[in-house]
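These notes concern the structure reproduced below.
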Amino acid sequence: MAIKTFTTGEVLTAADTNTYLANSGLVYVTSATIGTAVSSVTVSNCFSATYDHYRIIISGGVASTQNNLGLQLSGITGSVYNQLGYYQLWGSSTRFDYAGTSTNVIACDCSATAYIADVELKNPFASLRKFGNTMSQSTNNQYSMPFYINSTTSATGFTLTTGSGTLTGGTIIVYGYRKA
């Protein structure tokens, strides 16, 4: 569909607005607020056949201790979460490589001052293997870690769990990529 160009003084009709919004690429699905001193947060019923691919933004909270925040899809358990990538200390030229298989993927390195993560997730609802990438930063580190989930189980949500300590505050926002 061609992109409509509006001119100064032109009346914006409901049809124009609805057409534009219906064809936008990234669509808000849901959000969740992280509570006070919690060790896990579950976001349910956010994946469906409406979208194939998703973006999850985690930001605005603090952790009681520096630790990794793991992401596990609903209904997918066991050591099927494969991840590799690297992390680097701020202000250092030394890069550390990471590769591992676990029961979740590292979504974020949390620090006691603040954390933020961007998770790209492909095929969580489809009966296909899942893959994606996590990018995050904390006070001390920056991460870039692609992952592969060796499961064809359909997931409708996910849980974030701290490796140690607790989380307080922050928001999780889930967006879907509109199908062409």
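Quick notes on this one:
- Of all the residues in the range 161-170, those that are in contact with a Ser or Thr (Cβ under 8 Å, 6 or more places away or on another chain), within 30 Å of S93 (Cα to Cα) and part of a loop (DSSP other than H, G, I, E, B) number 2.
- Residue satisfying all of: in the range 125-180; in contact with a Lys or Arg (Cβ under 7 Å, 6 or more places away or on another chain) and surrounded by 20 or more Cβ atoms within 10 Å (Cβ to Cβ); farthest from Y54 (Cα to Cα) among these: I149
- Flag: N123 matches the condition of being on the phi > 0 side of the Ramachandran plot, at pLDDT 95 or above and of a type outside the set (G, A, S).
- Residue in the range 81-92 that is in contact with an Asp or Glu (Cβ under 6 Å, 6 or more places away or on another chain), surrounded by fewer than 17 Cβ atoms within 10 Å (Cβ to Cβ) and not acidic (D, E) present: yes
- Of all residues in the range 75-105, those being in contact (Cβ under 8 Å) with a residue 40 or more places away in the chain and within 13 Å of Y148 (Cα to Cα) number 9.
- The single condition from (1) surrounded by 23 or more Cβ atoms within 10 Å (Cβ to Cβ); (2) closer than 24 Å to V27 by Cα; (3) at pLDDT below 95 that C110 fails is (2).
- Test: residue in the range 138-155 that is at positive phi and either modelled with pLDDT of 90 or more or over 12 Å from the mean Cα position of the chain (by Cα) (or both): no
- Top-ranked residue of the range 1-19 - restricted to ones that are over 20 Å from A180 (Cα atoms) and small (G, A, S), ranked as modelled with the lowest pLDDT: A14
- Among the residues of the range 40-79, those identified as more than 15 Å from the chain's Cα centre (by Cα), surrounded by 18 or more Cβ atoms within 10 Å (Cβ to Cβ) and not small (G, A, S) are Q66, N67, I76.
- The C-beta contact set for the range 110-136 (first residue free of Cβ contacts under 8 Å to residues at least 60 places away in the same chain and aromatic (F, W, Y), second residue assigned to a strand (DSSP E or B) and surrounded by fewer than 22 Cβ atoms within 10 Å (Cβ to Cβ), distance under 8 angstrom, 6+ apart or interchain) comprises Y115/S59; Y115/V62; Y115/Q137; F131/K122; F131/P146; F131/Y148.
- Given (1) more than 30 Å from G25 (Cα to Cα); (2) surrounded by 16 or more Cβ atoms within 10 Å (Cβ to Cβ); (3) touching a Gly at 6+ places or on another chain (Cβ under 8 Å), index of the condition N104 fails: (1)
The values are calculated or read from the model by the stated rules, or taken from the named source; none is laboratory data. This structure is a prediction, so every number in the text was calculated from the model and none was measured. Backbone-built Cβ (ideal geometry, glycine too); neighbour counts: all protein chains shown.
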